[in-house]
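**Q** This structure is in structure tokens; I'll ask about it shortly.
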Amino acid sequence: MIVDRQDFSLLCYNTFGIEAKCRRFIEFSTVEELQQVVGSLTDADRPLLLLGGGSNLLLTGDYKGTVLHSAIKGYEVEDCGDDVLLRCGSGEIWDDVVALCVENHWYGTENLSLIPGEVGASAVQNIGAYGAEAKDLIEKVEAVEISTGKNCEMSNAECEYGYRQSKFKHEWRDRFMITYVTYRLKKQYSPKLDYGNIRSELEKQGIGIPTAAQLRECIIRIRNAKLPDPKVEGNAGSFFMNPVVAKEKYEELAALYPNMPHYMVDEQHEKIPAGWMIDQCGWKGKSLGRAGVHDKQALVLVNRGGATGDEIVRLCETIRQQVKERFGVEINPEVNIR
């Protein structure tokens, strides 16, 4: 059933907990309903905001256009010998998909446990955590072209995935509404344990090689320990992307900061945690008005209560400037600012 509302509150559709409204809100539950919706849109309905769970969104005010939200649900499973193809509706909750995979012994999603948001966003953002990325699982993406109502299918390669990037964030931004995502999962378990503090957390539990269920529980414990609950303190998880720098820049900084954490990207590039740099600038646990930096993870900006989107942007820009001045490195928001 199509839901169509005017002057609609988006408070429950953004995890930052920003009080904002949109001029029109439309939710659809099938591909056919979406095609009906896009076929009826006029210039008066624009601009459009294609919204999932709002876990990667910062609203800086009321949205003067139309929000489209997918409520397409359901799963389809295809056995492919050593692999399984899992086709998911774009409105499914991502962590529910992870739980389903672990329960059925389909492997690959474990390290992506508890990432907020919906399936459609996994294909837009190339969500990632603890050494895993959605791009390593995505087989294909199905979408409706908004201007024509045409059903389209994109392969993994066509989406041009990179670190927190895809064509859906750039050339295809606001052009396609994702309807289904198909993931290729393994029947043979091969855990990824060498990122962050996974192994040390497992050791606390007396676990050497975890089952997929144990690894999922471990990731959930780690995330809950350092990330705030949006229901308690509004946030969008990691606000900044970890910058990738040239080897020469990394070596320059490593000489000044011998204990600086880093991850090799390739022979020419290193990734430096943005949260570490923000912490070095003294921001962890600090606030600027009603916007603040989480006291356990400096990568996370939080709404201390009643903050506006503009206040959070002001904090973001202040932090970016200080990191650039101290380290000579640009850090960029991962969050979609509207």
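**Q** Looking at (1) crowded, with 18+ Cβ neighbours inside 10 Å; (2) touching a Lys or Arg at 6+ places or on another chain (Cβ under 8 Å); (3) in contact (Cβ under 8 Å) with a residue 60 or more places away in the chain, which is the only condition residue 226 fails?
**A** Answer for residue 226: the failing condition is (1).
**Q** To continue, here is another question. For residues that are of a type outside the set (Asp, Glu), surrounded by fewer than 13 Cβ atoms within 10 Å (Cβ to Cβ) and more than 24 Å from the chain's Cα centre (by Cα), tally how many sit in segment 188-222.
**A** Of the residues in segment 188-222, 7 are of a type outside the set (Asp, Glu), surrounded by fewer than 13 Cβ atoms within 10 Å (Cβ to Cβ) and more than 24 Å from the chain's Cα centre (by Cα).
**Q** What tally of residues in segment 292-330 results from selecting those that are in contact with a helix residue (DSSP H, G or I) (Cβ under 9 Å, 6 or more places away or on another chain) and either over 22 Å from residue 223 (Cβ atoms) or assigned to a helix (DSSP H, G or I) (or both)?
**A** Result for segment 292-330: 9.
**Q** Now a separate question. Within segment 272-286, can you find the residues that are out of contact with any helix residue (DSSP H, G or I) (no Cβ under 8 Å at 6 or more places or on another chain) and either in a loop (DSSP other than H, G, I, E, B) or open to solvent by 40 Å² or more (accessible area, probe 1.4 Å) (or both)?
**A** 273, 276, 279, 282, 285, 286
**Q** In segment 29-51, which residues are under 21 Å from the mean Cα position of the chain (by Cα) and either free of Cβ contacts under 8 Å to residues at least 60 places away in the same chain or open to solvent by 20 Å² or more (accessible area, probe 1.4 Å) (or both)?
**A** If the condition is that a residue be under 21 Å from the mean Cα position of the chain (by Cα) and either free of Cβ contacts under 8 Å to residues at least 60 places away in the same chain or open to solvent by 20 Å² or more (accessible area, probe 1.4 Å) (or both), then 50, 51 are the ones that fit.
Residues checked against (1) more than 20 Å from residue 168 (Cα to Cα); (2) in contact with a Lys or Arg (Cβ under 8 Å, 6 or more places away or on another chain); (3) aliphatic (A, V, I, L, M):
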| site | (1), (2), (3) |
| --- | --- |
| 6 | yes, yes, no |
| 10 | yes, yes, yes |
| 16 | yes, no, no |
| 20 | yes, no, yes |
| 30 | yes, no, no |
| 38 | no, no, yes |
| 47 | no, yes, no |
| 57 | no, yes, yes |
| 60 | yes, yes, no |
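**Q** Next question. Which pairs turn up if I take residues in segment 188-217 that are over 14 Å from residue 101 (Cβ atoms) and look for partners that are assigned to a loop (DSSP other than H, G, I, E, B) and of a type in the set (D, E, K, R) with beta carbon separation below 8 Å, at least 6 apart in sequence or on another chain?
**A** 198/192
**Q** Taking the residues in segment 147-168 that are under 21 Å from the mean Cα position of the chain (by Cα) and touching a residue at least 60 places away in the same chain (Cβ under 8 Å) as candidates, determine which candidate is most open to solvent (accessible area, probe 1.4 Å).
**A** Per the stated criteria, the residue is 163.
**Q** Look through 307, 298 and report the one residue that is among the small types (Gly, Ala, Ser) and under 29 Å from residue 247 (Cα atoms).
**A** Selected residue: 298, the only one of 307, 298 that is among the small types (Gly, Ala, Ser) and under 29 Å from residue 247 (Cα atoms).
**Q** Next question. Name every residue in segment 56-108 that is hydroxyl-bearing (Ser, Thr, Tyr) and either in contact with a helix residue (DSSP H, G or I) (Cβ under 8 Å, 6 or more places away or on another chain) or exposed (fewer than 15 other Cβ atoms within 10 Å of the Cβ) (or both), in order of residue number.
**A** 60, 66, 70, 75, 90, 107
**Q** Still on this model: Cβ-Cβ below 7 Å, separation at least six or inter-chain, first residue in segment 106-122 and within 19 Å of residue 165 (Cβ to Cβ), second of a type in the set (Asp, Glu): which pairs?
**A** 115/95; 118/92; 119/92
**Q** Specify the residue that is farthest from residue 146 (Cα to Cα); the eligible residues are those in segment 37-92 that are of a type in the set (Gly, Ala, Ser) and touching a Leu at 6+ places or on another chain (Cβ under 8 Å).
**A** Filtering segment 37-92 for residues that are of a type in the set (Gly, Ala, Ser) and touching a Leu at 6+ places or on another chain (Cβ under 8 Å), the one farthest from residue 146 (Cα to Cα) comes out as 54.
**Q** Among the residues of segment 287-296 satisfying the criterion of being touching an Asp or Glu at 6+ places or on another chain (Cβ under 9 Å) and within 16 Å of residue 238 (Cα to Cα), which is most open to solvent (accessible area, probe 1.4 Å)?
**A** Here the answer is 294.
**Q** Oh, and also: For residue 307, all conditions in the list (1) closer than 22 Å to residue 112 by Cβ; (2) of a type outside the set (Lys, Arg); (3) open to solvent by less than 10 Å² (accessible area, probe 1.4 Å) hold save one; what is the number of the exception?
**A** With respect to (1) closer than 22 Å to residue 112 by Cβ; (2) of a type outside the set (Lys, Arg); (3) open to solvent by less than 10 Å² (accessible area, probe 1.4 Å), residue 307 is out only on (1).
**Q** For segment 79-99, how many residues are touching a Phe, Trp or Tyr at 6+ places or on another chain (Cβ under 7 Å) and more than 16 Å from residue 139 (Cα to Cα)?
**A** The total comes to 0.
**Q** Scanning for something over 24 Å from residue 176 (Cβ atoms) and β-branched (Val, Ile, Thr), does segment 17-25 turn up at least one residue?
**A** Yes; the residues of segment 17-25 include at least one that is over 24 Å from residue 176 (Cβ atoms) and β-branched (Val, Ile, Thr).
**Q** A further question on this structure: Restricting to segment 200-231, count the residues that are in a helix (DSSP H, G or I) and either in contact with a Gly (Cβ under 6 Å, 6 or more places away or on another chain) or over 29 Å from residue 86 (Cα atoms) (or both).
**A** The number of residues fulfilling the criteria is 6.
The values are calculated or read from the model by the stated rules, or taken from the named source; none is laboratory data. Fair warning: this is a prediction, and the values are worked out from it, not measured in the lab. All Cβ positions, glycine included, derive from the backbone under ideal geometry; neighbour counts span all protein chains shown. For the accessible areas, the whole protein counts, side chains as well, though only heavy atoms, and no ligand, DNA or RNA atoms are used. Shrake-Rupley method; radii C 1.70, N 1.55, O 1.52, S 1.80 Å.
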